[in-house]
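> Take this structure first; my questions come after.
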Amino acid sequence: MRIYEELQARGLIAQVTDEPEIRELINNGGAKFYIGFDPTADSLHVGHFMALCLMKRLQLAGNKPVVLLGGGTGFIGDPSGRTDLRSMMDTGTIQHNCDCFKKQMERFIEFGEDEAIIVNNADWLLDLNYVDLLRDIGSCFSVNNMLRAECYKQRLGRGLSFFEFNYMIMQSYDFLHLHNHYGCNMQFGGDDQWSNMLAGTDLIRRKTGDDAYAMTITLLMNSEGNKMGKTANGAVWLDPDRTSPYEFYQYWRNIGDADVMKCLRMLTFLPVKEIDAMEEWADSRINEKKEILAYDLTALVHGEEEAAEARKMVPDTIK
Ligand SMILES: N[C@@H](Cc1ccc(O)cc1)C(=O)O
């Protein structure tokens with residue numbers, strides 16, 4: 001199975017800008033793609049994990065990944081899809097969080113000349129000159145279109161500051177910068193990023209005449225329609241000091257029956273065929289599926305040893 005078809009079979013593809021072109025591009029290992037991560041905390045969470053796994057899948061198919069740390073965009077904060085205001089982070093916190101992200105990412109992605117590269121948009125965004133930017137980039141954006149963007153819908157009722165309204169322009173500028181300096185031709189992100197990503201492809205077309213593509217991945221929702229990767233105590237973190245390997249294991253071991261197949265497909269690297277076969281596993285084997293899911297994800301995030309340890313600690317009552 002080729003990578004595009006595999007992403008489809010796993011239910012990972014939410015939206016694409018140009019279907020046949022993207023299929024061809026990533027199936028032939030022709031994408032140099034980036035995913036941006038804003039340093040909103042000192043640990044990655046499950047949503048980031050999905051994005052990193054996607055990077056890995058695409059890289060295994062011969063495509064070239066670029067990780068972008070949002071050391072510049074972190075000064076603004078993405079209002080996409082949010083009703084609440086984010087608090088402003090100071091320079092020290094942003095720097096610290098970027099360092100933490102990088103350290104955690106190195107567990108999943110190999111960085112190096114021929115591997116993935118990592119960049120920080122602080123390196124180009126923080127030096128921009130306001131008037132130059134307005135003339136050069138601002139002139140390419142239609143406020144009318146921006147106001148119609150899906151990502152601000154939630155926000156328009158409550159009020160959106162000009163400060164946050166500019167976030168889309170910063171993210172679009174990143175895509176253009178990576179296109180011009182690194183030959184990036186594609187961007188991936190969560191489905192809430194669609195408007196920002198579209199704006200970037202549009203900016204590249206206007207400034208360079210080149211085609212650039214975007215694909216969003218499905219947000220992981222449970223059967224009740226809530227975002228997964230959250231507990232009553234907050235997010236499920238990848239940092240073992242915030243969410244222990246045992247708690248991490250337990251989160252997946254205890255998900256709803258209706259969600260286990262979807263999680264196996266979207267999150268693990270088990271071959272699609274093997275997962276399809278589990279569809280047949282009768283009711284009594286549902287727990288077995290959950291154990292496979294929990295073990296697999298814990299091993300990916302914390303290593304096999306920790307995963308085996310976490311599995312042993314499972315109380316008998318729910319085994
Ligand atoms: N806006 C993205 C992060 C991001 C930052 C800069 C980019 O160029 C791309 C993506 C998010 O909130 O998840």
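The values are calculated or read from the model by the stated rules, or taken from the named source; none is laboratory data. Given the structure is predicted, the values throughout are model-derived calculations rather than measurements. Cβ: placed from backbone, ideal geometry, glycine included. Neighbour counts: every protein chain shown. Heads up: the accessible areas ignore ligands, DNA and RNA and are worked out on the full protein's heavy atoms, side chains in. Shrake-Rupley method; radii C 1.70, N 1.55, O 1.52, S 1.80 Å.
> Would you mind finding the one in G77, G81, G71, G62 that is in contact with a strand residue (DSSP E or B) (Cβ under 8 Å, 6 or more places away or on another chain) and either outside any helix (DSSP H, G or I) or away from the ligand (no atom under 14 Å from the Cβ) (or both)?
Unique residue meeting the criteria: G71.
> Taking the stretch 239-260, which residues are open to solvent by 20 Å² or more (accessible area, probe 1.4 Å), touching a helix residue (DSSP H, G or I) at 6+ places or on another chain (Cβ under 9 Å) and closer than 25 Å to A14 by Cβ?
Scanning the stretch 239-260 gives Y251, D257.
> Within the stretch 94-116, restricting attention to residues that are under 16 Å from the mean Cα position of the chain (by Cα) and open to solvent by less than 50 Å² (accessible area, probe 1.4 Å), which residue is nearest to C184 (Cα to Cα)?
A116
> If you check F175 against the conditions, is it touching a strand residue (DSSP E or B) at 6+ places or on another chain (Cβ under 9 Å) and either within 14 Å of the ligand (Cβ to nearest atom) or β-branched (V, I, T) (or both)?
yes
> Looking only at the stretch 144-165, count every residue that is open to solvent by 40 Å² or more (accessible area, probe 1.4 Å) and either within 21 Å of T208 (Cα to Cα) or of a type in the set (K, R) (or both) and tell me the total.
So the answer is 4.
> Output the number of residues of the stretch 169-196 satisfying the condition of being assigned to a loop (DSSP other than H, G, I, E, B) and open to solvent by 10 Å² or more (accessible area, probe 1.4 Å).
2
> Can you tell me which residues in the stretch 84-93 are of a type in the set (D, E, K, R) and either crowded, with 22+ Cβ neighbours inside 10 Å or more than 15 Å from the ligand (Cβ to nearest atom) (or both)?
Selection gives D90 alone.
> Has the stretch 264-274 got any residue that is open to solvent by less than 10 Å² (accessible area, probe 1.4 Å), outside any helix (DSSP H, G or I) and more than 18 Å from M313 (Cα to Cα)?
Among the residues of the stretch 264-274, at least one is open to solvent by less than 10 Å² (accessible area, probe 1.4 Å), outside any helix (DSSP H, G or I) and more than 18 Å from M313 (Cα to Cα), which makes the answer yes.
> Considering the stretch 278-290 alone, what residues qualify as being loosely packed, with under 11 Cβ neighbours inside 10 Å and either under 30 Å from G190 (Cβ atoms) or in contact with an Asp or Glu (Cβ under 7 Å, 6 or more places away or on another chain) (or both)?
Listed by number, the list holds a single entry, E279.
> A follow-up question, please. Taking the criterion of being open to solvent by 40 Å² or more (accessible area, probe 1.4 Å), more than 16 Å from the ligand (Cβ to nearest atom) and part of a helix (DSSP H, G or I), would at least one residue in the stretch 208-217 satisfy it?
Looking for residues that are open to solvent by 40 Å² or more (accessible area, probe 1.4 Å), more than 16 Å from the ligand (Cβ to nearest atom) and part of a helix (DSSP H, G or I), one finds at least one in the stretch 208-217, hence yes.
> Ok, one more. Checking I118 against (1) modelled with pLDDT of 95 or more; (2) more than 20 Å from N63 (Cα to Cα); (3) within 15 Å of the ligand (Cβ to nearest atom): exactly one of these is not met. Which one?
The one condition I118 does not meet is (2).
> Taking only pairs six or more apart or across chains, which ones have beta-carbon atoms under 6 Å, a first residue in the stretch 158-186 that is touching a residue at least 60 places away in the same chain (Cβ under 8 Å) and within 15 Å of T201 (Cα to Cα), and a second residue that is more than 13 Å from the ligand (Cβ to nearest atom) and part of a loop (DSSP other than H, G, I, E, B)?
Going by the 6 Å Cβ cut-off, the qualifying pairs are M186/A31.
> Would it be correct to say that G200 is in the same structural domain as D99 (by TED's automatic domain parsing), free of Cβ contacts under 8 Å to residues at least 60 places away in the same chain and buried (at least 18 other Cβ atoms within 10 Å of the Cβ)?
So G200 passes the test.
> State all residues of the stretch 120-143 that are open to solvent by less than 40 Å² (accessible area, probe 1.4 Å) and assigned to a loop (DSSP other than H, G, I, E, B); if no residue qualifies, say none.
N121, I137, F141
> Please verify whether L300 is open to solvent by 40 Å² or more (accessible area, probe 1.4 Å), within 24 Å of F101 (Cα to Cα) and assigned to a loop (DSSP other than H, G, I, E, B), treating the condition exactly as stated.
no
> Here is a further query. Among the residues of the stretch 181-204, is any over 17 Å from G70 (Cα atoms), among the small types (G, A, S) and within 14 Å of the ligand (Cβ to nearest atom)?
yes
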